[in-house]
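**Q** What follows is a single structure, and I will ask about it in a moment.
The values are calculated or read from the model by the stated rules, or taken from the named source; none is laboratory data. The shown structure was predicted, so the numbers you read here are calculated from the model rather than taken from an experiment. Virtual Cβ from ideal backbone geometry, glycine too; neighbours counted across all protein chains shown.
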């Protein structure tokens, strides 16, 4: 399969639906294995002062704002925007591991006004 064909296997809308579904499933899964975290993601979580539960809850309502090509990436991934209960915006890079029916949180962060427009969806140029 060519790389271009592989990139079309899951579009942004399908990724968004998959992320929301896995986040909902993870909430009711006693082992919580629908969402895995990278070491970097856990470090950033601590830097932001957030908990895994808080971010995983927010992922249930996330919106894909950037869809990344799979070139040089082991899994299809994307950048999502969500909101914490406090009203803070949250960005997360999420890799989709459809074969194992789970998500992989690569990183999380609060977007900055220096890099993002007020809608938190558009990068400043």
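**Q** Can you name the residue in region 69-93 that is in a loop (DSSP other than H, G, I, E, B) and touching a residue at least 24 places away in the same chain (Cβ under 8 Å) and is also surrounded by the most Cβ atoms within 10 Å (Cβ to Cβ) among such residues?
**A** The selected residue is 76.
Quick grid of which residues meet (1) at pLDDT 95 or above; (2) touching a strand residue (DSSP E or B) at 6+ places or on another chain (Cβ under 9 Å); (3) within 16 Å of residue 104 (Cβ to Cβ):
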residue: 5; (1), (2), (3): no, no, no
residue: 19; (1), (2), (3): yes, yes, yes
residue: 24; (1), (2), (3): no, no, no
residue: 27; (1), (2), (3): no, no, no
residue: 44; (1), (2), (3): yes, yes, yes
residue: 49; (1), (2), (3): yes, no, no
residue: 63; (1), (2), (3): yes, yes, no
residue: 69; (1), (2), (3): no, no, no
residue: 79; (1), (2), (3): yes, yes, yes
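For every residue, the table says whether it meets (1) touching a residue at least 60 places away in the same chain (Cβ under 8 Å); (2) assigned to a strand (DSSP E or B).
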| position | (1), (2) |
| --- | --- |
| 15 | yes, no |
| 23 | yes, no |
| 36 | yes, yes |
| 54 | no, no |
| 95 | no, yes |
| 105 | yes, yes |
| 112 | no, no |
| 120 | no, no |
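**Q** Based on what the data block shows, is residue 58 in contact with a strand residue (DSSP E or B) (Cβ under 6 Å, 6 or more places away or on another chain), under 23 Å from residue 11 (Cβ atoms) and either free of Cβ contacts under 8 Å to residues at least 12 places away in the same chain or not in a strand (DSSP E or B) (or both)?
**A** The answer is yes for residue 58.
**Q** Can you spot a residue in region 108-115 that is within 13 Å of the chain's Cα centre (by Cα) and crowded, with 19+ Cβ neighbours inside 10 Å?
**A** yes
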